[in-house]
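Enquirer: The following block contains the structure, expressed as structure tokens.
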Amino acid sequence: MSRTDIPEPPDAPRPELDARPDWQRTYHVCFPVAAVVGTQRWVLRINGFPDHPLWTLFVDGVRRFDLEGSPPGWVLPAADAAPPMDIDLAHDIIQPVASYEAYGSEIGDPCDDPVCCP
């Protein structure tokens, strides 16, 4: 069964939208870009769009929210156009979310549709 989206409180604060992350390529298929923002480690999962939101943002291994596109302050290059991240740093950033490749897996309800999710 495929999930359409994960409900979020409409008034949930999203300070990340005001940041200016410098995204770097991770070489991971499901988590193609990541950034170090201050002391936080951010990673974006690309989801099975249009069945799910385009991106899910994780900060320090915790899901923050879904995105349909890039916020105005973010420069989100295609993964192949982003500068490469150090491979050890990329591994360290992705490791806490590596088991969350399928949309919804981070809340214990992974999408099991083979068309949109691995």
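The values are calculated or read from the model by the stated rules, or taken from the named source; none is laboratory data. Since the structure is predicted, the reported quantities are computational estimates derived from the model, not experimental observations. A quick note on method: Cβ atoms are made from the backbone with ideal geometry, for glycine too, and the neighbour counts reach across all protein chains shown. Quick note on the areas: whole protein, heavy atoms, side chains included, nothing else; ligands and nucleic acids left out. Shrake-Rupley method; radii C 1.70, N 1.55, O 1.52, S 1.80 Å.
Enquirer: Inside region 60-118, can you point out the residues that are hydroxyl-bearing (Ser, Thr, Tyr) and at pLDDT 90 or above?
Expert: Scanning region 60-118 gives Ser99, Tyr100, Tyr103, Ser105.
Enquirer: Oh, and also: Testing Cys30 on (1) assigned to a loop (DSSP other than H, G, I, E, B); (2) open to solvent by 50 Å² or more (accessible area, probe 1.4 Å); (3) at pLDDT 80 or above; (4) not aliphatic (A, V, I, L, M), one condition comes back false. Which one is that?
Expert: (2)
Enquirer: Does Arg25 satisfy being basic (Lys, Arg) and modelled with pLDDT of 95 or more?
Expert: no
Enquirer: Starting from residues that are among the acidic types (Asp, Glu) and over 18 Å from Asp112 (Cα atoms), keep the ones in region 44-100 and report whichever is least open to solvent (accessible area, probe 1.4 Å).
Expert: Selected residue: Asp66.
Enquirer: Any residue in region 29-52 that's among the acidic types (Asp, Glu): show its pairings with residues that are exposed (fewer than 14 other Cβ atoms within 10 Å of the Cβ) at Cβ separation under 9 Å, as long as the two are six or more apart or on different chains.
Expert: Asp51/Thr4; Asp51/Val115
Enquirer: With respect to Ala12, determine if the residue is modelled with pLDDT under 95 and more than 15 Å from the chain's Cα centre (by Cα).
Expert: yes
Enquirer: Looking at region 36-118, what strands (runs of 3 or more DSSP E) fall wholly within it and have at least 2 residues that are within 16 Å of Pro21 (Cα to Cα), touching a strand residue (DSSP E or B) at 6+ places or on another chain (Cβ under 8 Å) and of a type in the set (Lys, Arg)?
Expert: Counting at least 2 such residues, we get 40-46.
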